[in-house]
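One structure below.
What follows draws every value from the coordinates through simple rules; no lab data is involved. These numbers were taken from a predicted model, which means no experiment stands behind them. When we count neighbours, we look across all protein chains shown, and the Cβ atoms used for this are built from the backbone with ideal geometry, even at glycine.
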Amino acid sequence: MISFKKLHYDRKHFLIQNRDKDFVLLEGSNKILISAPHGVPQTRLGKIKLQEPGSLATALNLKSRSNCFFIAKTQNNFDDANFDENSAYKDAIKNLIRQKKIKYIVDIHCLAKNRPCDVNLGIGLGRNVAENLDLFNHLEKSLASKGFKTSIDAPFMGGFATIAGSMKNCFPKLWTVQIEINCSITNSASKIDKWNTLIDLLLDFIKEIENL
């Protein structure tokens, strides 16, 4: 089990190390990309939006314990990599898909704590996971079996403008999911057991994809 302090220490250390970079892309050896575009503040339509520290902490831990490729924003350059139609972040993902034959994208975000679900799975009304609906169904059932209250496409659906949706637009055979985790789980030391359960579940899910 990873401690709350350790998860957030790793996140802070990663940001300090990469403070002068717009984003960081790390190599992997499978066909899965883990993305965390909102681990730092964003600027959307001229307004600053708060960072989602738990999304970056989760994504970093998944990367450290798997063979996945990884990309994360590390600086706010008056942009929103998940919202803007064009961005260096999205261009890097497109190049990675072409060069490394990425087939799956797991894009990690966080929900406000007043949202009624633990996890929101954005799948573009099913379009983003159409290449393997059984794989998505297994993820949903796994979350339910561990007691996570899960919603699909609500409040966020991984639509056309998002990383999940826009990459699916460009690469129709891609399988993508936008996973939004309630920050009441990721921002509270008292919920660390639940956070660890979720991370372990996602690692098992990654292993399942690798075995396809």
> Just going by the charge dipole of the chain, with Lys and Arg at +1 and Asp and Glu at -1 on Cβ, which of 4, 42, 125 is farthest out on the positive end?
Replying inline: 4
> So, counting K/R as plus one and D/E as minus one, what does the shell of residues with Cβ under 13 Å around residue 126 add up to?
Replying inline: -2
>> Just want the ordering: 140, 52, from fewest to most Cβ atoms lying within 10 Å of their own Cβ.
In response: 140, 52
>> Tell me the mean residue ellipticity at 222 nm calculated for the chain from its helices only (DSSP H runs of n ≥ 4, each -39500 (n - 2.57), averaged over every residue, nearest 500).
In response: -12000 deg cm²/dmol
> About its Cα centre, what dipole magnitude does the chain give when the only charges are +1 on Lys and Arg Cβ and -1 on Asp and Glu Cβ, stated in debye to the nearest 20?
Replying inline: 260 debye
> Can you give me the relative contact order of the range 4-210 as a percent, contacts being Cα pairs under 8 Å and 6 or more apart?
Replying inline: 24 percent
> If you find the alpha carbon centre of the range 77-113 and of the range 20-48, how far apart are they in angstrom?
Replying inline: 6 Å
>> How charged is the neighbourhood of residue 194? Take every other residue with its Cβ under 14 Å from the Cβ of residue 194, and add Lys/Arg as +1 and Asp/Glu as -1.
In response: +1
> Once amide H atoms are placed 1.01 Å from N in the peptide plane, what residues at a sequence separation of 5 or more from residue 70, or on another chain, have their amide H within under 5 Å of its amide H?
Replying inline: 26, 34
